[in-house]
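Chemist: Got a structure for you, questions after.
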């Protein structure tokens, strides 16, 4: 896919390109090692300073970056022996949801995630990561399978929301989302959800009722898109930037409000600048919380999840 650069990230992208070129040269000339180290340190420092001052709307743009790693990119790097499952055994298969069984660090797991697609053709095929009812019912099928065989569930969230088309509504979109939420709520296995991009509306929640919810540093999580919020509140979708600020949908606010449990640091310039490093960071975070959860009994896992979501929205007067 052709490189896509947001205006505010260009200084970091240029530095990263120089780092990659110098790294290739240093592989054949050891005398360049010192210069490479200095340039890497400068790049990290510039990226940290620049990205520390990003507005919520700029972070929304990063969460939607077309070069950002998607679910299949993380599955390829983190899950071995992955066998993808297809279909909901009711209507058909939905490519917007990828699901299957594999091994994460030697342990058998069930994996479910949204997949947006890279090329124009794939984006259309995968419906830009917006699941139809059959996609959510495929996820439901996997949650039930995990419960039956006692397998941990890893979910990767990256969707603007469940598809709201007429066909989707006719086939019971809200019921499918509700069934996923119910299945995850009562599951007696560990569930770890990771927001790798944008987590929008019920489409995200259908994969998000987990014991631990993690979010990438530049990921977002909200009940509606900023554009949709602006259209409802001000009848003007162009005020999305104002809505993004008001919605508190970026990682720091999500952690402060306890909507998520952990923020996963991204490589300099964002996950799309170094997918391999991003995958290592995600894998380490998932591995850490999964080890903690595996010490709990099945009943404790279910109760832990219940208490987590019951505590959302609590405040002191």
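Chemist: Looking at the structure I just gave you, is residue 179 touching a residue at least 40 places away in the same chain (Cβ under 8 Å), surrounded by fewer than 22 Cβ atoms within 10 Å (Cβ to Cβ) and either assigned by TED's automatic domain parsing to the domain that holds residue 265 or touching a helix residue (DSSP H, G or I) at 6+ places or on another chain (Cβ under 8 Å) (or both)? Quick ask: steps written out before the conclusion?
Modeler: Values: touching a residue at least 40 places away in the same chain (Cβ under 8 Å): yes; surrounded by fewer than 22 Cβ atoms within 10 Å (Cβ to Cβ): yes; either assigned by TED's automatic domain parsing to the domain that holds residue 265 or touching a helix residue (DSSP H, G or I) at 6+ places or on another chain (Cβ under 8 Å) (or both): yes.
Yes; evaluated as a whole, the condition is true for this residue.
Chemist: So which of 213, 189 is within 26 Å of residue 305 (Cα to Cα), modelled with pLDDT of 95 or more, under 21 Å from the mean Cα position of the chain (by Cα) and part of a loop (DSSP other than H, G, I, E, B)? First the steps, then the outcome.
Modeler: On the way: 213 fails: part of a loop (DSSP other than H, G, I, E, B).
189 is the lone residue from the list that is within 26 Å of residue 305 (Cα to Cα), modelled with pLDDT of 95 or more, under 21 Å from the mean Cα position of the chain (by Cα) and part of a loop (DSSP other than H, G, I, E, B).
Chemist: Taking into account only those residues within the stretch 112-136 that are part of a helix (DSSP H, G or I) and in contact with a strand residue (DSSP E or B) (Cβ under 9 Å, 6 or more places away or on another chain), which is surrounded by the fewest Cβ atoms within 10 Å (Cβ to Cβ)?
Modeler: As a first pass, look at the stretch 112-136 and keep what is part of a helix (DSSP H, G or I): 120-125, 127-129, 133-136.
In the following step, the residues that additionally are in contact with a strand residue (DSSP E or B) (Cβ under 9 Å, 6 or more places away or on another chain) were identified as 128-129, 134-136.
Numbers: 128: 16, 129: 27, 134: 23, 135: 34, 136: 32.
Taking the candidates together, the pick is 128.
Chemist: I would also like to ask the following. Name the one entry in 102, 106 that is without any contact (Cβ under 8 Å) to a residue 12 or more places away in the chain, within 20 Å of residue 81 (Cα to Cα) and surrounded by fewer than 19 Cβ atoms within 10 Å (Cβ to Cβ).
Modeler: Working: 102 fails: without any contact (Cβ under 8 Å) to a residue 12 or more places away in the chain.
On inspection, the qualifying residue turns out to be 106.
Chemist: Residue check: is residue 231 in contact with a helix residue (DSSP H, G or I) (Cβ under 8 Å, 6 or more places away or on another chain), in the same structural domain as residue 211 (by TED's automatic domain parsing), free of Cβ contacts under 8 Å to residues at least 12 places away in the same chain and crowded, with 17+ Cβ neighbours inside 10 Å? Before the answer, list the steps.
Modeler: Values: in contact with a helix residue (DSSP H, G or I) (Cβ under 8 Å, 6 or more places away or on another chain): yes; in the same structural domain as residue 211 (by TED's automatic domain parsing): yes; free of Cβ contacts under 8 Å to residues at least 12 places away in the same chain: yes; crowded, with 17+ Cβ neighbours inside 10 Å: yes.
Spelling it out, residue 231 is indeed in contact with a helix residue (DSSP H, G or I) (Cβ under 8 Å, 6 or more places away or on another chain), in the same structural domain as residue 211 (by TED's automatic domain parsing), free of Cβ contacts under 8 Å to residues at least 12 places away in the same chain and crowded, with 17+ Cβ neighbours inside 10 Å.
Chemist: Scanning the stretch 257-278 for residues that are surrounded by 20 or more Cβ atoms within 10 Å (Cβ to Cβ) and not in a loop (DSSP other than H, G, I, E, B), which turns out modelled with the lowest pLDDT?
Modeler: 273
Chemist: Return the total of residues in the stretch 8-25 being within 25 Å of residue 49 (Cβ to Cβ) and either touching a helix residue (DSSP H, G or I) at 6+ places or on another chain (Cβ under 6 Å) or in contact (Cβ under 8 Å) with a residue 12 or more places away in the chain (or both). Show your work before the answer.
Modeler: Residues of the stretch 8-25 that are within 25 Å of residue 49 (Cβ to Cβ), as a first pass: 8-23.
Add one more test, that the residue is either touching a helix residue (DSSP H, G or I) at 6+ places or on another chain (Cβ under 6 Å) or in contact (Cβ under 8 Å) with a residue 12 or more places away in the chain (or both), and what stays is 8-9, 11-13, 15-16, 18-19, 22-23.
Counting residues in the stretch 8-25 that are within 25 Å of residue 49 (Cβ to Cβ) and either touching a helix residue (DSSP H, G or I) at 6+ places or on another chain (Cβ under 6 Å) or in contact (Cβ under 8 Å) with a residue 12 or more places away in the chain (or both) gives 11.
The values are calculated or read from the model by the stated rules, or taken from the named source; none is laboratory data. Values in this document were obtained by computation on a predicted structure and should not be read as measured data. Every residue, glycine among them, receives a Cβ derived from its backbone with ideal geometry; neighbour counts consider all protein chains shown.
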